[in-house]
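The values are calculated or read from the model by the stated rules, or taken from the named source; none is laboratory data. Just so it is clear, the structure is predicted and the values come from calculations on it, not from any experiment. Don't worry about glycine lacking a Cβ; one is built from the backbone with ideal geometry, like all the others, and counts go over all protein chains shown. All accessible areas refer to the heavy atoms of the entire protein, side chains included, with ligands and DNA or RNA removed. Shrake-Rupley method; radii C 1.70, N 1.55, O 1.52, S 1.80 Å.
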Amino acid sequence: MIHPAFSVVMDTAGMLPVFSRIPWRLRVYAIAALLAGVHTVAIPADAFVTRDSHAKVRARVVDLVNEARKHRRRCGSEQFPAAAPLSVSQELNAAAAGHARDMARKKFFEHRGSNGSQPRDRVRRAGYDSRLTGENIALGPESAEEVVAGWLASPGHCANIMDARFQQIGVAVSVGRKRGQIYWVQNFGVPR
């Protein structure tokens, strides 16, 4: 069984700093999220990759991220104030989709693309002129709720989500050939 994996990167000007019906993984992430001070969402709105359209799943991720940004939150040792909601960028969606497909097709999981590209490169190539970019990736979660709960429970991912400088978001999910190979990419940007 593949366990969910998460990774986070933020790039600025080329610098890369470094109960019963709920699936068990969602329960684990929900408990971790609650311990981290995450506000919960209603279970009936679950958007599952294998059941729902990818458009619905992407929209649900954006809704959950914007709900999280409404409230101040601690991400690891850093406290973040509430932040404005993010708007969807089709260019950021395209950059996220290209990277998610690349990882699924070539069976790898990292921010560096199979062609050596970094998040800022893919965002630019998709036509997005950004002053600041960020990227969260995940492997394995089966629903929008599960992936967002996991990101919020991880300090680096949570920091990207809560960063008030970000104004726009793009989300993609791509499914590999084997069970559990669900690749998620979330791009953030500040347009010039």
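If you scan segment 110-125, which residues turn out to be of a type outside the set (D, E) and over 14 Å from the mean Cα position of the chain (by Cα)?
R112, G113, S114, N115, G116, S117, Q118, R120, R122, V123, R124, R125
For segment 169-192, the set of residues classified as hydroxyl-bearing (S, T, Y) and within 12 Å of the chain's Cα centre (by Cα) consists of Y183 only.
Tell me, yes or no, whether segment 149-158 has at least one residue that is small (G, A, S), open to solvent by less than 20 Å² (accessible area, probe 1.4 Å) and over 22 Å from G76 (Cβ atoms). The answer is no; no qualifying residue exists. Scanning segment 159-168 for residues that are open to solvent by 10 Å² or more (accessible area, probe 1.4 Å) and of a type in the set (A, V, I, L, M, F, W, C), we see that the one that is nearest to the chain's Cα centre (by Cα) is A159.
Among the residues of segment 72-90, the ones that are open to solvent by 60 Å² or more (accessible area, probe 1.4 Å) and not aliphatic (A, V, I, L, M) come to 8 in all.
When the criteria are applied in full, D63 meets the requirement of being open to solvent by 40 Å² or more (accessible area, probe 1.4 Å) and out of contact with any Phe, Trp or Tyr (no Cβ under 6 Å at 6 or more places or on another chain). If you take the residues of segment 102-136 that are closer than 18 Å to K178 by Cβ and touching a strand residue (DSSP E or B) at 6+ places or on another chain (Cβ under 6 Å), which of them is surrounded by the fewest Cβ atoms within 10 Å (Cβ to Cβ)? Selected residue: F109.
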